[in-house]
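The values are calculated or read from the model by the stated rules, or taken from the named source; none is laboratory data. Note that the structure is predicted; figures quoted are calculated from it, not measured. We place every Cβ from the backbone using ideal geometry, glycine too, and count neighbours over all the protein chains shown. Ligands, DNA and RNA are stripped out before the accessible areas are found, and what is left, the full protein with its side chains, is counted by its heavy atoms. Shrake-Rupley method; radii C 1.70, N 1.55, O 1.52, S 1.80 Å.
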Amino acid sequence: MTDPKSENAVSEEQGLEIFGGSGQRVRAQRPTITYREAARETPVFAETDVLVVGGGPAGTAAAISAGRLGADVMLMERYNHLGGLSTGGLVIWIDRMTDWSGQQVIAGFARDVFDRLPKDAVMGPPRAKWGSKDAEAVDYWSYRTAAFQGTVTWSPTLDPEALKTLSMRMALERKVRLTLHAWAVQPIVEGNVLRGAIFESKEGRQAVLAKVVIDTTGDADLLARAGASTDSDVDATDIHHCINTAFMAGGVDMERWTAFRRDNKQGFADFMKRGRDKMTFFEKPFFSWRTDIALFMGPRLSGYSAVDVEDLTEVEIRSRELAVGHIETYRAHAPGFENAYLLLGAPQVGVRHSRRFSAERMVTRAQWDDGKVWDDEIGVSTSLAPKWKNVSVPYGSLLPKGLEGALGAGRHVACDASSHTFLREIPQCWMTGQAAGVAAALAANAGVAPRALDPRVIQRALLQQGAYLSPSIAGASVTAAAE
């Protein structure tokens, strides 16, 4: 994969003279001096049972699920909306929630969301088609990001504004205390126990104290600063390592574009070559929830760090210029895009990987082959291909090693680099977030550490909330509850 730090990403005529000949912005060397801040008393903003830091897919699911169990929950989010990458990041194509038989295995919170979204806010195959291998159905849905490996899957695309509205309403229904425009900057740690977080807002610096803290920042920001060990190994040649800002184009005809792509293979190949020759990084559009809006999930840029502020700034600048270049190229040469315009650049940068925290139990590549089912399973993920069974996710993967009073869920969940390629997806974040929220509420209500919980208690609560667990685990939980 081309590294944008060593090659120009777009052509000169697109106005990127801010970049040098290497394709990288010239950066000033950072000073080596430090500044000592004065000691201060920080006012406590709130005390709560469960503090959820980060209102992305995992954090939203965690807060709502904890609220369903009666816990007093505070959800802290730096933006003005919930949903994270599934809304503000325009990752509105929600990857597979069904396995290769058509069974929905990422359910619970994920099912609740789609049961309540307006029908005109969702584009995806009807339930009767899930798992279908009919050639005509597979061909149709393959162009609409809902058929893979010869199978129709439940992987719909949705309206991000509808999901923002629903997420907020679901949180408020459960009396979650939303705190928006607030950025957690420092954990409050006593010994090896996470007690809360310091955050910054327009009011200045304040603190929140909690019985249990859930880090759903996506980058394990709070856990890392609290001293939890993390991993950042990743395959730099894979999309897994890329960062970009997605965008949407309006005024398009995706049905006409799809007919061109399907029926004029050579014309499509020539068009894509034209774009790559001009811009190097050039992407195909995806269907959105409407046929007059196209979704671009790239261009994907590699070689940048999601926890480096200068890298993030450069990614945003490049992504903006590439979005403009895409619109110009598509409008001039692509059928269905003659009247296209840049509708929206994502408010949130699209990060796939930065850190994963370490835990005693975690999903690894070896597990795919033997189909291991963990006895402390809290969810099941779809596998990458039919040759592998569904992937069991253990409760231990939500418990950061060496740190008490804390849970982690979402993109930074404990796993190896290979397994992270799918555990970072939106449905998996909903799944681990729901489990973390349930566990946090149970721990807070019982006055015990999350690590001390009996996994079977968590499993029973998850099943009551509609989550899917492996048959052997679900059966054992029901039996234990009856005894």
Projected convex hull area of the chain, Cα atoms, direction-averaged, in nm², equals 23.7
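With contacts defined as alpha carbon pairs under 8 Å and 6 or more residues apart, what's the relative contact order of the range 28-98 in percent?
So the answer I get is 28 percent.
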Taking only protein heavy atoms and a 1.4 Å probe, the highest-to-lowest accessible-area order of H181, H333, H420 is H181, H333, H420
At 10 °C and 1.306 mPa s, the Stokes-Einstein diffusion coefficient in µm²/s for the range 241-283, with hydrodynamic radius from the Kirkwood sum on alpha carbon pairs, is 131
The range 78-132, convex hull of Cα, quarter of hull surface, nm² -> 4.6
With all protein chains present, the chain has a carbon and sulfur share of its accessible area (1.4 Å probe) in percent of 49
Plugging the Cβ-Cβ distance of K278 and N339 into 1/(1 + (r/R0)^6) at R0 = 22 Å yields, to the nearest 0.05, a FRET efficiency of 0.60
Counting only protein heavy atoms and rolling a 1.4 Å probe, one gets per residue an accessible area for the chain in Å² of 41
quick shape note, the range 335-483: Cα extents on principal axes in Å, largest first -> 67, 36, 28
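Which FRET efficiency value, to the nearest 0.05, do you get for R290 and V193 by plugging their Cβ-Cβ distance into 1/(1 + (r/R0)^6) with R0 = 56 Å?
0.70
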Net charge near F282 (other residues with Cβ under 11 Å of its Cβ; Lys, Arg +1; Asp, Glu -1) is +4
Quick numbers on the range 394-469, Rg and Dmax over C-alpha atoms in Å, give 12.2, 36
Reported to the nearest 10 Å², F281 has, with a 1.4 Å probe, an accessible area equal to 20
Rounded to the nearest 0.05, FRET efficiency between I239 and Q464 (Cβ-Cβ, R0 25 Å) equals 0.10
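How do 424-437, 313-326 rank on mean C-beta neighbours within 10 Å, highest first? All intermediate terms of the calculation are to be shown ahead of the outcome.
On the way: 424-437: 31.0, 313-326: 20.9.
Ranked from most to least packed, the peptides come out as 424-437, 313-326.
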Dividing the mean separation of Cα pairs under 8 Å (6+ apart) by the residue count of the chain yields a relative contact order in percent of 21
Here P(r) for the range 321-407, Cα-Cα distances in 10 Å bins, as whole percents, is 14, 26, 19, 16, 20, 4
Rg from C-alpha atoms of the range 286-365, normalised by the globular rule of thumb 2.2 N^0.38 Å, equals 1.44
One checks the Cα atoms of the range 57-168 and finds Rg and Dmax, in Å, of 15.3, 50
For the range 56-101, the Cα-Cα pair-distance distribution in 5 Å bins from 0, as whole percents, is 5, 19, 22, 18, 16, 12, 5, 2
Unit-weight point scatterers at every alpha-carbon of the range 144-270, Debye formula, q = 0.15, 0.19 1/Å: log10 I(q)/I(0) is -1.07, -1.28
Extension length gain for E136 and S232 (0.36 nm per residue less Cα distance), in nm, is 30.4 nm
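Across all directions of projection, what mean area in square nanometres is found for the Cα convex hull of the range 21-92?
Computing the convex hull of the Cα atoms and averaging its projections yields 9.5 nm².
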For Y468, Y35, the accessible-area ranking with a 1.4 Å probe, largest leading, is Y35, Y468
Bridge orientation stat for the chain from DSSP, antiparallel percent rounded to 5, came to 65
One can check that the equivalent ellipsoid of the range 379-438, built from the alpha-carbon gyration tensor with semi-axes equal to the square roots of five times its eigenvalues, has lengths in Å, largest first, of 21, 12, 10
For Y140, Y395, the accessible-area ranking with a 1.4 Å probe, largest leading, is Y140, Y395
Contour minus Cα-Cα span, E47 to H181, at 0.36 nm per residue, comes to 46.4 nm
Burial-style ranking of 57-64, 187-194, 352-359, average other-beta-carbon count within 10 Å with highest first, yields 57-64, 352-359, 187-194
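Greater than 32 Å separation of Cα atoms is the criterion. Which listed pairs, K129/K175; K175/K372; K265/K389; K164/K202; K119/K175, meet it?
Long pairs (Cα-Cα over 32 Å): K129/K175; K175/K372; K265/K389.
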Taking every C-alpha to C-alpha distance in the range 232-318 and binning by 10 Å from 0, the per-bin percentages run 15, 37, 33, 14, 1
So, relative contact order of the range 152-277 in percent, Cα under 8 Å, 6 or more apart, is 12
